[in-house]
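Some notes on the structure that comes next.
The values are calculated or read from the model by the stated rules, or taken from the named source; none is laboratory data. What you are looking at is a predicted structure, and each value in this text was computed from that prediction instead of being measured. Virtual Cβ from ideal backbone geometry, glycine too; neighbours counted across all protein chains shown.
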Amino acid sequence: MTNTDNVRLAAANLLLDRGVRYVISDAPLFWQLLRLNRIEIHPLKAGTLIEISRIIDENKLDKIETADEAFNRLNPIVMLIATAILNHRIRIKYLSKILTRILLWKIPLNVLLSIFYHIAQVNNLTDFTNITRYFNHQVKMLMNPKI
């Protein structure tokens, strides 16, 4: 593994363990004062990871190499970002289309593409060992009686 792969793997683990916050630097002053210039992606759940994988496979987003290809597939890219932001089965089902339209309308293209590339790297580099560890931890917590 090269040093670049280690950095990408560390970024992927960071997203899975703690989440990521993106700050939109060129947001209007009013947004900055109200802290509306931040996009937060909390630690992804197993169902969200599977939904992201489905969106990537369905729209062939893993084969994007140029900015023109990304611009042509902007709706699925923003749907993937909305899925990662919502990160819950019911919220994804009911709010993903609305959040997709809001993101397309309000967020600059360069920020959307940087978020997409980060999430796509997470999807390519991580396996389900972290999710297995999470479920193992949850089972241990549920099986231990509270004193």
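State the number of residues belonging to region 17-39 that are loosely packed, with under 14 Cβ neighbours inside 10 Å and of a type outside the set (F, W, Y). Adding up the residues that qualify gives 13.
For every residue, the table says whether it meets (1) of a type outside the set (K, R); (2) assigned to a loop (DSSP other than H, G, I, E, B).
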| site | (1), (2) |
| --- | --- |
| W31 | yes, no |
| L44 | yes, yes |
| I50 | yes, no |
| P76 | yes, no |
| A82 | yes, no |
| K97 | no, no |
| R101 | no, no |
| H118 | yes, no |
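Quick grid of which residues meet (1) surrounded by fewer than 12 Cβ atoms within 10 Å (Cβ to Cβ); (2) of a type in the set (A, V, I, L, M, F, W, C); (3) within 20 Å of Y22 (Cβ to Cβ):
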site	(1), (2), (3)
I41	no, yes, yes
L49	no, yes, yes
E58	yes, no, no
T83	no, no, yes
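The residue of region 42-94 that is modelled with the lowest pLDDT, among those that are among the hydroxyl-bearing types (S, T, Y) and within 20 Å of L109 (Cβ to Cβ), is T66.
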